[in-house]
Structures are given as C-alpha cells and as structure tokens.
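Have a look at the structure below, then the notes.
The values are calculated or read from the model by the stated rules, or taken from the named source; none is laboratory data. Computed from a prediction, not measured in an experiment: that's the story for all the values here. Don't worry about glycine lacking a Cβ; one is built from the backbone with ideal geometry, like all the others, and counts go over all protein chains shown. Heavy atoms of the whole protein, side chains included, go into the accessibility calculation; ligands, DNA and RNA do not. Shrake-Rupley method; radii C 1.70, N 1.55, O 1.52, S 1.80 Å.
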Amino acid sequence: MIEAALAENVGFVFRNQDLDIDSFERFATSIGDFGETPFITPVEGHPNVLRVIREPEETGPLFGSGWHSDRSFQLRPPSTTPRYALQVPDAGGDTAFTNQYLAFESLSESMKSILNGLKGIHSAKRSYGPQGTFGRPDPKASMEIHGDETAVARQVHPLVRSHPLTGRRSLFVNEVYTVGIEGMTNAESSTLLKFLFEHSRQIHFTCRVRWAPGTLTMWDNRSTQHFAINDYHGSRREMYRITLAGEQPI
Ligand code: SIN
C-alpha cells in the first residue's frame with residue numbers, strides 16, 4: 001500500500017511520468033481526499049490544484065523557500081503532498097527535504113523527555129499575514145498569493161507527533177510556521193526552537209530532489225520538512241501541486 005510505504009520512507013520520486021492535470025488529480029485522489037488550500041489562487045477549473053510557477057524575470061520572494069511542513073498552521077495539516085513537474089531549469093531549482101523521524105530519534109533521551117510534554121504554536125502570519133512575506137498581492141508575481149488577517153490565527157500541535165500509520169515519532173517543528181512554544185517566554189521558546197530548526201536540517205537528515213519534466217514526487221508532511229532552493233534566476237519552473245487532507249497531530 002503506497003500510503004504505508006510513504007509513511008515509512010518520508011518521500012517518493014517517480015521519474016518519466018506522463019500526466020495532465022486530470023490524471024494528476026486522479027493519482028492524488030487514489031491516495032486520499034483533497035485538503036484545504038487557503039491564500040493561493042488555484043488553477044482555474046481545478047480548485048484543488050496549485051500551479052507552483054516562477055518566470056525567468058521574477059525577483060520577488062520565492063514560494064516555499066524556507067524550511068516548512070505544508071500548512072502546519074491548520075488544525076489538520078495535510079498528510080501528503082503530490083507534486084508533478086512540467087518545466088524545470090537546466091540547472092538548479094531542486095527541493096530539499098529533511099527526515100523528521102531521524103531528527104527526533106537522534107536527540108538525547110533527556111531532550112526527548114523535555115520535548116514530549118511540549119506544544120508548538122503554529123501560525124501562517126510570517127508568510128500570509130498582512131506584514132508577512134506574501135501579505136500583499138504582487139502584480140509581478142506569476143503565482144496569485146493573497147495573504148490576509150486570518151493568517152495570524154494560531155494552532156497548537158505537539159512538538160513531537162506520532163505518525164498514524166507507522167506509530168513512529170517525529171519532530172513537528174518548522175521555521176516558517178512554528179512561532180512559539182506554549183507556556184514559554186519568547187526568549188525560552190526562540191532558543192529551543194532555533195536549536196530544533198538547526199538540528200533538523202543537518203545535512204545527514206536531508207536529501208534533495210533534482211527535478212526533470214515528468215518527475216512526480218509525493219512527500220509525507222508529518223515526517224518531513226521541505227525547502228525550495230532559490231538558485232535558478234533567469235530560468236522558468238512550473239509544477240502542479242495538490243495537498244491531501246490530514247488529521248490533527250497527536
Ligand atoms: C513548496 O511547495 O513548498 C515549494 C517547494 C518547491 O517549489 O520546490
């Protein structure tokens with residue numbers, strides 16, 4: 001079963017696929033139901049598909065270029081993200097991934113027991129809030145991103161979550177959306193979070209996907225973070241992305 005294999009392995013890459021938007025949707029819904037995708041205008045006629053696109057001349061902030069787990073600010077963050085590449089740069093434009101199971105498992109027993117009782121505060125405010133990276137519409141950007149004041153809402157999730165399919169525990173924090181730790185001062189939580197962010201992205205917990213047209217990936221948002229590498233100015237990159245509904249982390 002693909003969901004179980006994905007949950008164990010964090011991400012998959014299938015090369016040389018020949019999909020159009022309808023077959024990409026069919027593939028995604030054979031795995032799960034669509035999740036909710038706020039703040040970004042989807043492909044016309046396909047309300048659950050985003051076009052992740054960057055034109056050669058664009059210079060504004062690059063979508064996804066901070067370590068994150070998709071929409072961890074939601075009550076039920078997405079389980080899985082299928083992604084299909086249409087056009088990619090000749091060089092650059094990779095996506096990097098962490099393994100949040102390994103990030104948790106490699107901590108000392110003392111640190112694990114501290115983290116097990118703690119809850120992270122997640123919010124989309126730094127990305128989509130009025131003062132956030134994508135808080136104001138950018139007429140020059142090819143992705144229509146429209147942040148608003150609803151982005152300042154907060155959700156609290158365990159810092160260490162158990163995967164519903166594997167039972168394995170993973171570190172559920174990310175630099176883009178985890179803005180604090182419940183019950184701690186800013187000074188306390190920012191120090192601990194900084195350690196956890198840096199710990200998670202150590203090179204031995206990461207890999208990179210080198211895209212080609214026709215590459216289909218899917219990743220498990222409960223056990224990985226990802227990062228769009230901003231190194232291809234002057235080239236065009238276009239992909240379809242769907243996020244599938246998840247559960248409240250426990
Ligand atoms: C994202 O979906 O977060 C962006 C990742 C990418 O474009 O590589």
Asserting the computed 222 nm helical MRE of the chain (DSSP H runs at least 4 long, -39500 (n - 2.57) per run, divided by residue count, to nearest 500) equals -5500 deg cm²/dmol
Once the Cβ-Cβ distance between residue 116 and residue 136 is put in as r, and R0 is 30 Å, what FRET efficiency do you end up with, to the nearest 0.05? 0.15
Name the trypsin sites (Lys or Arg not before Pro) in the range 8-94 that are in a loop by DSSP and that have at most 16 other C-beta atoms within 10 Å, would you? 15
Can you list residues whose amide H is under 5 Å from residue 231's amide H, if they're 5+ apart or on another chain and H is modeled 1.01 Å from N? 93
Carbon and sulfur together cover what percent of the accessible area of the range 147-206 at a 1.4 Å probe radius? 53
How would 41, 80, 59, 191 rank on accessible area, largest to smallest, probe 1.4 Å? 59, 191, 41, 80
Cβ-Cβ FRET estimate between residue 144 and residue 5, R0 fixed at 30 Å, reported to 0.05: 0.30
Inter-part distance where the range 188-236 and the range 1-22 are each reduced to a Cα centre, Å: 17
Below 11 angstrom from the Cβ of residue 6, what's the summed charge of the other residues (Lys, Arg +1; Asp, Glu -1)? -2
Note, residue 227: beta-carbon cut-off 10 Å, +1 each Lys/Arg, -1 each Asp/Glu, net 0
Candidate lysines - alpha carbon under 22 Å from residue 112, same-chain residues fewer than 8 apart omitted: 194
At most 14 other Cβ within 10 Å, DSSP loop - GluC sites (Glu not before Pro), the range 151-250: 182, 247
Running a GNM on the chain with Cα contacts under 10 Å, which residue among 103, 124, 212 ends up with the highest mean-square fluctuation? 212
Short to long, in 5 Å steps from zero, the percent of alpha-carbon pairs of the chain per bin is 1, 6, 13, 18, 20, 18, 13, 7, 3, 1, 0
With the convex hull built on the alpha-carbon atoms of the range 187-250, volume per residue in Å³ sits at 150
